[in-house]
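Working notes, structure below.
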Amino acid sequence: MVGGIFRGLIGLCALSIFVFLGVKLQAAGLALPGPVIGLVLLAAALAASASKSGARKGLLGLREALTPVAKYLIKHMGLLFVPAGVGVVTQLDLLRRHWPAIAVALFVSTLLSLIVTGWVMHRLSTPMADPGETA
Amino acid sequence: MTTAWCSILVWSGATLCAYLLGLWARHLAKGAALANPTLIAILLIGGALILTHTPYATYLKASAPITILLAPATVALGLPLAENLRHVRQSLWPLILALAAGSLVAMLSGVAVIYAFGAGRTLALTLAPKAATSPISMAVARQIGVDPSLTAVMTILGGIIAAVLVRDGLKLMGVRDWRAVGLAAGTAGGGIGAARVAPLNSLAAAFAGIGIGLNGLLTAVLVPLLAQALR
């Protein structure tokens, strides 16, 4: 139990270092949100751990340390943006005035995006080896 | 104990409880997309703020312990992306083209509808990043100077619409490839869309994860450019 919490804290610490790097790079003029830059850096570091580079061992340790806490955070991400989402209470007038436009825009853009993404991917992909896997 | 600490305990605790109620509601609804725990928690806490005449700024300060985890959680999305890199390499060009097309369509069609209704630039830009996963769509909204909470709610609602439509919509178009179904769900519907298809097939789950990660990146790059173009 204590060991699990300790490992979780190490993982959270590792994730926070990537947040810090991302925020610093954003401040240095990179036109992306800091945490998104951190996401890319983390993916790159983890991808490097799968290749046969010199720093591999340390990076494998990094993957091991942050995998449980990363999976946990992703699973409960829904909780983390509740406080931000509650901010709609300050926008109720706007919603009341423009709800038909918002409803139509949400529906149209989501449906079109689904269809276009799926259709292009389906048409351009090579057929799958295992026909039993098709929907 | 000072009042500030008391306020943090009360509102952070209330947020946790509201989210747990949301999880319970989803369980009772057998995982139906409409019973979204985040949306339920937002409605409950929003109602509580109005009933108790608590200003939103007070609540935002008091819920900081929860919000502070959002940045590391966003970075954590790099893990599934790295885990699925093998799939990305295997179908690099179809993936890039499908993502670019789907991402642009999500952005531009939403903006076009808002303009057609004459609802204005600010609202159009609020909706523009909505297809990206919530932490990213909110960060982008903040960057282009529109209200991130409204964008977050649009992301959740869009995700619910995607989760409801993904199976029948794609079947109607003759799309049966699980890679395409997964990618579409993750690109158009973020985490909520992904949750709809992930249990159906492991390949769909992997490509939904790729869709969330890469569409988040693409949105973060493209929406600020769109905001400049619409100036």
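The values are calculated or read from the model by the stated rules, or taken from the named source; none is laboratory data. The structure displayed is predicted, hence computed values, not measured ones. Here the Cβ positions follow ideal geometry from the backbone for every residue, glycine too, while neighbour counts run over all protein chains shown. Keep in mind that these areas ignore ligands, DNA and RNA; they rest on the heavy atoms of the full protein, side chains included. Shrake-Rupley method; radii C 1.70, N 1.55, O 1.52, S 1.80 Å.
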- [ ] Determine which member of the set B:Arg196, B:Arg179 is within 8 Å of another protein chain (Cβ to nearest Cβ), open to solvent by 10 Å² or more (accessible area, probe 1.4 Å) and either closer than 18 Å to A:Ser109 by Cβ or charged (D, E, K, R) (or both).
- [x] B:Arg179
Open item on the list: Being within 9 Å of another protein chain (Cβ to nearest Cβ), part of a helix (DSSP H, G or I) and surrounded by fewer than 22 Cβ atoms within 10 Å (Cβ to Cβ): is that true of B:Leu21 here?
Closed with: no
- [ ] Give me a count of the residues in the range B:84-93 that are open to solvent by 20 Å² or more (accessible area, probe 1.4 Å) and within 8 Å of chain A (Cβ to nearest Cβ).
- [x] 2
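Which residue, of A:Gly8, A:Gly38, is part of a helix (DSSP H, G or I), more than 9 Å from every other protein chain (Cβ to nearest Cβ), touching a residue at least 12 places away in the same chain (Cβ under 8 Å) and closer than 21 Å to B:Pro65 by Cβ? Spell out the reasoning first.
Working: A:Gly38 fails: more than 9 Å from every other protein chain (Cβ to nearest Cβ).
Only one candidate passes the filter, namely A:Gly8.
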Open item on the list: Cβ-Cβ under 7 Å, sequence separation 6+ or interchain: first residue in the range B:143-154 and within 17 Å of B:Leu60 (Cβ to Cβ), partner among the charged types (D, E, K, R) and surrounded by 21 or more Cβ atoms within 10 Å (Cβ to Cβ). Which pairs?
Closed with: B:Thr151/B:Lys130
- [ ] Evaluate the range A:42-49: report whether one residue or more is at the interface with another protein chain (Cβ under 7 Å from one of its Cβ atoms) and modelled with pLDDT of 90 or more.
- [x] yes
TODO: Inspect the range B:165-188 for any residue being free of Cβ contacts under 8 Å to residues at least 40 places away in the same chain and touching an Asp or Glu at 6+ places or on another chain (Cβ under 7 Å) and give the result as yes or no.
DONE: yes
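Filter the range B:115-135 down to residues that are within 24 Å of A:Gly78 (Cα to Cα) and within 7 Å of another protein chain (Cβ to nearest Cβ) and give me whichever is surrounded by the most Cβ atoms within 10 Å (Cβ to Cβ). Even if it seems obvious, please write down each step before you answer.
First pass over the range B:115-135, keeping only residues within 24 Å of A:Gly78 (Cα to Cα): B:123, B:125-135.
Subset that is within 7 Å of another protein chain (Cβ to nearest Cβ): B:123, B:127, B:131, B:134-135.
Details: B:Leu123: 25, B:Leu127: 29, B:Ala131: 37, B:Ser134: 31, B:Pro135: 29.
Result: B:Ala131.
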TODO: Select, from B:Ala184, B:Ala152, B:Ala101, B:Ala112, the only residue that is out of contact with any Leu (no Cβ under 9 Å at 6 or more places or on another chain), part of a helix (DSSP H, G or I), at the interface with chain A (Cβ under 7 Å from one of its Cβ atoms) and modelled with pLDDT of 95 or more.
DONE: B:Ala101
